[in-house]
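Since every read-out is calculated from the coordinates, none of them should be taken as a lab result. Small disclaimer: the values here were computed from a predicted structure and weren't measured. For neighbour counting, all protein chains shown are included, and Cβ atoms are generated from backbone atoms with ideal geometry for every residue, glycine included.
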Amino acid sequence: MTTAMTTSSLPSGSAEGCRIPERRGILFVISAPSGAGKTTLCKQIAASVPGLWYSVSYTTRKPRPGEESGREYFFIEEKMFQDMVARNEFMEYAHVYGNWYGTPRKALTDKMEQGIDVLLEIDVQGALQIKKKFGDAVYIFILPPSMDTLRTRLQSRASDSQEEILRRLQKVKEEVWSFREYYYIVRNDDLTQSLRELQSIFVAERLKTKRLDMNWLEQNFILEKDPSRPIEAPQPSKSQGDLIP
């Protein structure tokens, strides 16, 4: 029987959690068609996986009801966006559905250099740009159960016109062919199950041999400090009754 994963079972880079060898932060890139539930899953992953920083992108689109600048996106005017492009402040940027979106360069790379894992929620076009620069990142594609389910989700949001919904559905058919560029595919049929699958991916990637700090391995297991020191026999454990004087 498979045991359900809990937050406490996830590795943490903090002093309070499980100690792991020092390494460069991992970049986790998650993409999905509009309406596949990507944003909801990313928020839950960011809240449940310790030692993870959620990268917030910039966009020129207007915020939807309930969205806040600095949480979902940094909502800025197009002139400011183009000024940032001119200063080379974006790792990637793209024009999607009539608006500009960009990933801030410095904040993301600084976190990774500090050994902090980064979660980047991004569209397919942006993910393919990122992959040219970060081949070692982890690329995850979220898919809805079917096109019919996706159509129903988009219509129930009531935030887009019928014309916009049709355009997004056509875009999905084009983006799905990019699934080969991703290392994992999660089918978001049941939110709880999808979250467990995503958590498993984060755990597995953090434990991969290629991410191990070889200096840490050598110092602790290969380079003995005093080979002549005798091996101490383990002490027998005492029961609670033995501890009472």
Exercise for review: Using the structure shown, select from Lys43/Lys171; Lys38/Lys62; Lys111/Lys171; Lys132/Lys210; Lys106/Lys132; Lys62/Lys132 the pairs with a Cα to Cα distance greater than 26 angstrom.
Suggested key: Lys111/Lys171; Lys62/Lys132
**Study point:** Listed peptides 29-41, 113-125 by packing density, highest first (mean Cβ within 10 Å)
**Key:** 29-41, 113-125
Exercise for review: Using only Cα atoms, locate the centre of region 75-138 and the centre of region 169-218, then give the distance between them in Å, rounded to an integer.
Suggested key: 19 Å
Check your understanding: Using a ≥ b ≥ c from the Cα gyration tensor of region 23-212 (square roots of the eigenvalues), is it rounded, prolate or oblate, where a/c under 1.5 gives rounded and otherwise the larger of a/b and b/c decides, a/b for prolate?
Key -> oblate
Review point. Length gain on complete extension for the stretch Ser178 to Tyr54, per 0.36 nm per residue less the alpha carbon to alpha carbon distance?
Key: 42.3 nm
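For a Förster distance of 30 Å, can you work out the FRET efficiency between the beta-carbons of Lys43 and Asp213, rounded to the nearest 0.05?
It comes out at approximately 0.50.
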